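What follows is a set of notes on a single structure, which appears directly below.
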Amino acid sequence: MLEYVKRCIVRVWAIDTLRDAGLQALELMIGLDEAMMNIVALSVQVSLSAVVLSCLIALPIGAATAVGRFPGRQAIIVVMNAFMGLPPVVVGLIVYLALSRAGPLGPMGLLFTPTAMVLAQALLVTPIIAALTRQIVADAWEEYREQLQSLGSNGFRSALTLIWDTRFSLLTAVLAGLGRATAEVGAVMIVGGNIDGVTRVMTTAIALETSKGDLALALALGAILILLVVMLNSSAYLISEAARRRYG
């Protein structure tokens with residue numbers, strides 16, 4: 001009987017704790033808590049910068065492997081597809097070794113800075129965008145190859161034309177990469193160090209605050225992160241639907 005009473009007390013205490021944490025999280029979100037908003041702003045800044053950098057690399061590589069025929073093409077495709085599932089902690093380790101004091105980029109002093117986090121996320125996202133770009137452009141190349149060749153377009157011009165023609169589908173791929181970057185925690189934890197006010201982003205803050213027992217901030221950041229992911233996926237869907245209706 002005594003054991004049953006103890007379990008009931010613990011259960012009631014847990015419910016009260018979660019309720020209080022939820023109310024505090026709601027207050028933080030409604031009041032736009034400054035510390036919380038700084039974490040959100042840094043998260044968005046790092047992820048957007050990483051995706052822009054990834055696009056500069058991934059879009060040309062994806063389009064080139066879709067249109068071109070050159071030695072090593074199949075190997076590049078296999079690597080891109082395999083690296084779509086690259087573990088974030090491995091990426092973090094690679095960037096950490098490159099930026100550490102003994103690494104080739106150590107003298108630049110980038111370790112435990114937002115720049116290091118951008119590089120880690122870009123390395124993680126680039127294979128995803130490149131592989132999706134290759135597939136999208138390859139499908140378009142199969143449809144428009146004869147038309148482009150009849151117009152005398154070479155491989156480079158064909159790739160650029162197809163990138164523009166499939167821009168709405170490619171935007172969906174970019175948003176998928178952005179969603180992966182926003183939700184990533186392992187790599188940025190390793191190279192960023194989760195320093196308060198410097199490199200603390202939403203995912204690392206959620207992990208830290210949960211381990212500390214500060215559920216209010218963790219819940220608030222978790223809700224914002226879920227909202228951002230939903231907005232990204234909704235944007236991708238709306239863009240693809242708008243393109244389908246406009247261009248058939």
Q: Give me the number: length gained by fully extending E142 to V79, i.e. 0.36 nm times residue separation minus the C-alpha to C-alpha distance, one decimal in nm.
A: 20.4 nm
Q. Anyone know which of Q147, Q121, Q45 comes out most mobile in the 10 Å Cα GNM of the chain?
A. Q147
Q) Once the dipole of the stretch 2-247 is set up with Lys and Arg at +1 and Asp and Glu at -1 on Cβ about the Cα centre, which of N81, L225, L238 lies farthest towards its positive end? A) N81
Q.
Among A21, A50, A236, which one shows the highest mean-square fluctuation when the chain is modelled as a Gaussian network with alpha-carbon springs under 10 Å?
A. A21
**Q.** Karplus 3J(HN,Hα) series, Hz, for the stretch 157-166 with 6.51 cos²θ - 1.76 cosθ + 1.60 (x for Gly, Pro)
**A.** 5, 5, 4, 4, 4, 6, 4, 5, 5, 9
Q) With r defined as the distance between the Cβ atoms of A35 and M108 and R0 fixed at 25 Å, what FRET efficiency is calculated, to the nearest 0.05? A) 0.30
Q: Please work out the FRET efficiency for the pair I195 and L23, using the Cβ-Cβ distance as r and a Förster radius of 30 Å; give the result to the nearest 0.05.
A: 0.55
Q) Efficiency by 1/(1 + (r/R0)^6): what FRET value for S235 and V44, r their Cβ-Cβ distance, R0 = 22 Å, to the nearest 0.05? A) 0.95
Q | Semi-axis lengths (Å, descending) of the ellipsoid that matches the C-alpha gyration tensor of the stretch 131-248 | A | 41, 17, 8
Q.
Relative contact order of the chain, please, whole-number percent, based on alpha carbon pairs below 8 angstrom and at least 6 residues apart.
A. 29
Q) Helix 114-150 sits at what angle to the longest principal axis of the chain, using alpha carbons and giving 0 to 90 degrees rounded to 10? A) 30
Q: Please compute the net charge surrounding F112, taking Lys and Arg as +1 and Asp and Glu as -1 over other residues with Cβ under 13 Å from its Cβ.
A: +1
Q | Whether the stretch 2-247 is rounded, prolate or oblate, judged on the alpha carbon gyration tensor where a/c under 1.5 counts as rounded | A | prolate
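Since every read-out is calculated from the coordinates, none of them should be taken as a lab result. Nothing here was measured: the structure is a model prediction, and the numbers come from that model. Positions of Cβ are generated from backbone atoms using ideal geometry, with glycine treated the same way; all protein chains shown enter the neighbour counts.
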